[in-house]
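Trainee: Quick one: structure below, then a few questions.
The values are calculated or read from the model by the stated rules, or taken from the named source; none is laboratory data. Please read these numbers as outputs of a predicted model, since none were measured by experiment. Backbone-built Cβ (ideal geometry, glycine too); neighbour counts: all protein chains shown.
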Amino acid sequence: MVGVAAGSATAGDYEDAQKLLAAQKWSEALPMLKELNEDEPESITIAQDLGQVLLRLNRREEALEILKKYRLNRQADIAARAFISKESFRFYQQGLDWLMKHVYPQACERLEHALEKDQAHLDVLLRLAQCEVLDGNADLALKFLDQLERIHGKTPETQLWRARAAALRNHFEEALPIFTALAGGPKNPEPTNELIPLWWGEALLASGKKTEALATFESDAKANPAHLQTALAAIRLRLAQAESPHQLLAVDRDLTAWEKLLAARLAQKPKRGAEFVFDPFDAEAIQRTANDTRQQLRAVLPTPTPSPSAASSSPRPSKV
């Protein structure tokens, strides 16, 4: 590999460019690397750095031109798959916007347009598979996941969505081992890891394993108080299994405490960062589920009876 000559006039500038790269100051590093590339046209090292900076600045086509010119074919192939083209970028962003709003048909439609332009792009394939799972199209989701893992390999995130799609198809013999492996391994970054116990418990419940499902929900809710979805799932399952007034009153007490946590969560207004992160928390959906749970509980909750002390303290009718 041809690098920058130690004694060349550009060696100092290259060191300055490296400092900018380390600080992720891509816009400042770009003109310096372009000038270095002109001064040292034989340097593959400079060309490679220039290509990476162009990718970071979402100038994919220019980056691919540089990488291919210097026969950096492997880097060019990775860049073509990992960085989105200008033609599909608009569709991709629109798809993410709809996905964040939990409007899945529109998100799928936009992302399908992006996939037409970038058929091997990792993020487009993953987001499209997510949309199809959330929209209930498990077969189509598995098709996209097959394509994604064939090109880019398996990850905990792709396996999570594969397990969910399999569970939606009632293929629990495939889904449950994946959930078990994910739960026993390193946790995924927030907020995705809430989906592991939530969907694992739902798969256990759908397969008839109610005791294991309740244990999964309650264990996660205890370990992660912010996981309101698993906590509500536990409350709903306990309500369905309640056989005595005492158990119903315990459910009522826990649901009341949970409703306060939900109100605090809804009062927060988290800001969306520059990097897209899928948030599985659908505020409107969980509010509807909570309201439905409260109505079911009211229908079976025993009517409180006056305590003896209250009865004895009530005023007696006056004698005429």
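Trainee: Can you find even one residue in region 173-183 that is among the hydrophobic types (A, V, I, L, M, F, W, C), modelled with pLDDT of 95 or more, outside any loop (DSSP other than H, G, I, E, B) and more than 30 Å from V124 (Cβ to Cβ)?
Mentor: Taking every residue of region 173-183 in turn, none turns out to be among the hydrophobic types (A, V, I, L, M, F, W, C), modelled with pLDDT of 95 or more, outside any loop (DSSP other than H, G, I, E, B) and more than 30 Å from V124 (Cβ to Cβ).
Trainee: State all residues of region 31-52 that are more than 15 Å from L67 (Cα to Cα) and in contact with a Leu (Cβ under 9 Å, 6 or more places away or on another chain); if no residue qualifies, say none.
Mentor: Listed by number, the residues that qualify are M32, L36.
Trainee: Enumerate the pairs (first residue in region 152-167 and touching a residue at least 60 places away in the same chain (Cβ under 8 Å) and part of a helix (DSSP H, G or I); second residue anywhere and surrounded by fewer than 24 Cβ atoms within 10 Å (Cβ to Cβ) and not charged (D, E, K, R)) with beta-carbon separation below 8 Å, excluding pairs fewer than 6 apart on the same chain, so at least 6 apart or on different chains.
Mentor: H152/L122
Trainee: Same structure again: Please state which one of A234, A240, A221 is in contact with a helix residue (DSSP H, G or I) (Cβ under 9 Å, 6 or more places away or on another chain), hydrophobic (A, V, I, L, M, F, W, C) and under 15 Å from R298 (Cα atoms).
Mentor: None of the others qualify; the one that does is A240.
Trainee: A further question on this structure: Does A114 qualify as being hydrophobic (A, V, I, L, M, F, W, C) and at pLDDT below 85?
Mentor: Judged against the criteria, A114 is not a match.
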